[in-house]
Amino acid sequence: MNKLFLNQVAPFAMAGAVAVAAGLLMLACSEGGREVGGGVSEEENTLAGILVDGNGDAVVGARISARYFKVDTVVLTDTTDEEGKFGMKLSLTGRYGLSAQTDSSAFYQTVEYDGSEIEVSATLAKVGNIKGMFNLRPDTSAAGVSVYIPGSNWKVMTGDDGEFSIENVPTGIVPIIAKSPDPMHFTDVVYMVEVGEDSVNFIGPLPRELYDSDMFKEQIDSISEVETEMPVEDFPKGSEGEMPVYAYKEVSLGVDNGSMVSAVQDAKTLQFPLSSEYGLRSWFSMDYLNTTVKPASVGDVRGWTEGLLVYGGATLGEGVENSALVLKDANQYGVIENDRGLLDSATEFVFEAWVEIDSVLTNDSAYRKNIVGKLGFGSDADQDVFSFALVKDECGVEGEPVFAFFFADGLGDTLSCNSAVVSKRKVEFGKWVYVTAVFDGKRLSLYLDGALAATRTVEVEKIGVSSESIFFGKEAINLKLDDVRFGVKALTASDVQYRYYLKGGAQ
């Protein structure tokens, strides 16, 4: 295991760092933009506090603002009195950003107003600058897009090369939001930014939906070092079709499924993630099993294929979001008999799924078990394309079972270890894993739970016309599958991270 951590980060505890409120209840607003002054610690004020400097001394005569998230033009302001006190009377429920600035220090925090009195202890922090560059794709800059700290006056536009600079931001952890210039293909994105006086780290990308939702609790609890199986030198550094990923950090976001491993991206490689619909061909949500016909079937939500036929009495069980397809032993399996040329002539390919392996029904010391694959199971006329599989003591990995993704051009080449990406991480039985396999025309990459597990260049440039069916299971294992997706637009590391936070892009 190799540590991929560039800068030691202390747990989130510094004054003035962002507090992300939960339970968003945004009401429709019919009021126009306005700027009003509040009183100072009066009883009728709904927001009151004291602003102090780093030594705890009151800050006199500082302007402090509360900006409404939902309608950016609604701003309330006040000036601190001789005791550093300020107050404002809020009228609209929802989230507000509080901010203040002096010549060499600043303050930022978010609060949630539900009609009750809010008391704030505000401490000015030293300042730093947030500088970076946004891209649509690795070779395409995002020019003229809005980048801002929500609920604040810190707002800029990117230049022609996608560069931006937000100056005099309080040190600590603050969010920035970048507005998509092309919502049909790209999504708004949030990065949590670790700001130092002379350094900056971008943690993400996070979906705007996650940041705005009540899943996001009062703060980022901690940021800590994690280990990943890929050595630093093996990560792609700016190769075409792949964003460089220099480190991973474990970030406790306070969401339902606990800590998540997030990429720490270089300031010049920030990216707008692709829409989860862009390039999507087929999606099997596994939320409904049609048993009125024989064999039973699961529909393709996007309608590209004729659907997944289910054999052997397989059923639906509890999934990541709703239901999942439960397959027990080799007699229970699913098959897409006609994929209507799903991957024919494709120069890019993406496979996404939530997978849980419950048990292996074999005593073999070495094996390869197909989980989802377009393959012929060893017949003479095979036109194999791919197989996401569970392997043990194969392809150079010994001991415990691991995940692997095998790939071919569909023209007769077998699915061999020479054209496979193989994780080194032991598969934990009974645990859901979010899997993404990406072919970008040159490189094959496997991601587990949003983190890059293995990558290699391959000889395949285009997938041929293959008549093989796509099999789900058909092996001596017990497993569950949820939100299985097939696409033909290659994803980068940023896209995969983003979709992991979206729970596979299925929300």
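The values are calculated or read from the model by the stated rules, or taken from the named source; none is laboratory data. Because the structure is a prediction, the values reported are computed rather than measured. In this analysis, Cβ positions are derived from the backbone assuming ideal geometry, glycine residues included, and neighbour counts consider all displayed protein chains.
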Considering every residue within segment 485-493, establish whether at least one is farther than 26 Å from Gln271 by Cβ and either at pLDDT 95 or above or crowded, with 23+ Cβ neighbours inside 10 Å (or both).
-> no
Tell me, which strands (runs of 3 or more DSSP E) lie completely within segment 156-215 with 3 or more residues that are touching a residue at least 40 places away in the same chain (Cβ under 8 Å), within 17 Å of Asp495 (Cβ to Cβ) and not charged (D, E, K, R)?
-> 200-207
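Filter segment 117-144 down to the residues that are part of a loop (DSSP other than H, G, I, E, B) and touching a residue at least 60 places away in the same chain (Cβ under 8 Å), then identify the one that is surrounded by the most Cβ atoms within 10 Å (Cβ to Cβ).
Initial filter on segment 117-144 (part of a loop (DSSP other than H, G, I, E, B)): 117, 124, 138-139, 142-144.
If we keep only those that are touching a residue at least 60 places away in the same chain (Cβ under 8 Å) as well, we get 117, 124, 138-139, 142.
Details: Glu117: 11, Leu124: 23, Pro138: 16, Asp139: 9, Ala142: 25.
Among residues in segment 117-144 that are part of a loop (DSSP other than H, G, I, E, B) and touching a residue at least 60 places away in the same chain (Cβ under 8 Å), the one surrounded by the most Cβ atoms within 10 Å (Cβ to Cβ) is Ala142.
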Residues located in segment 451-473, provided they are buried (at least 18 other Cβ atoms within 10 Å of the Cβ), over 17 Å from Val372 (Cβ atoms) and touching a strand residue (DSSP E or B) at 6+ places or on another chain (Cβ under 6 Å) = Ala451, Ala454, Thr455, Val458
Is it true that some residue in segment 93-113 is out of contact with any Asp or Glu (no Cβ under 6 Å at 6 or more places or on another chain), surrounded by 17 or more Cβ atoms within 10 Å (Cβ to Cβ), in a strand (DSSP E or B) and among the charged types (D, E, K, R)?
-> yes
Within segment 270-328, of all residues that are in contact with a helix residue (DSSP H, G or I) (Cβ under 6 Å, 6 or more places away or on another chain) and assigned to a strand (DSSP E or B), the one modelled with the highest pLDDT is Leu274
Which listed residue, of Val385, Val372, Val422, is closer than 30 Å to Leu502 by Cα, without any contact (Cβ under 8 Å) to a residue 60 or more places away in the chain and not acidic (Asp, Glu) = Val422
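Mind checking which residues of segment 272-305 are among the hydroxyl-bearing types (Ser, Thr, Tyr) and crowded, with 18+ Cβ neighbours inside 10 Å? Lay out the reasoning, then the answer.
Taking segment 272-305 as the starting set, the residues that turn out to be among the hydroxyl-bearing types (Ser, Thr, Tyr) are 275-276, 278, 282, 285, 288, 291-292, 297, 305.
Scanning segment 272-305 gives Ser275, Ser276, Ser282, Ser285, Ser297, Thr305.
Report yes if Ser359 is more than 24 Å from Asp495 (Cα to Cα), out of contact with any His (no Cβ under 6 Å at 6 or more places or on another chain), polar (S, T, N, Q) and surrounded by fewer than 18 Cβ atoms within 10 Å (Cβ to Cβ), otherwise no. Explain how you work it out, then say what you get.
Values: more than 24 Å from Asp495 (Cα to Cα): yes; out of contact with any His (no Cβ under 6 Å at 6 or more places or on another chain): yes; polar (S, T, N, Q): yes; surrounded by fewer than 18 Cβ atoms within 10 Å (Cβ to Cβ): yes.
Yes; evaluated as a whole, the condition is true for this residue.
Could you tell me which of the residues Thr414, Thr455 is of a type in the set (Val, Ile, Thr) and either assigned to a strand (DSSP E or B) or touching a Pro at 6+ places or on another chain (Cβ under 6 Å) (or both)?
One residue alone meets the criteria, Thr455.
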Top-ranked residue of segment 48-91 - restricted to ones that are part of a loop (DSSP other than H, G, I, E, B) and of a type in the set (S, T, N, Q), ranked as nearest to Lys179 (Cα to Cα) = Thr73
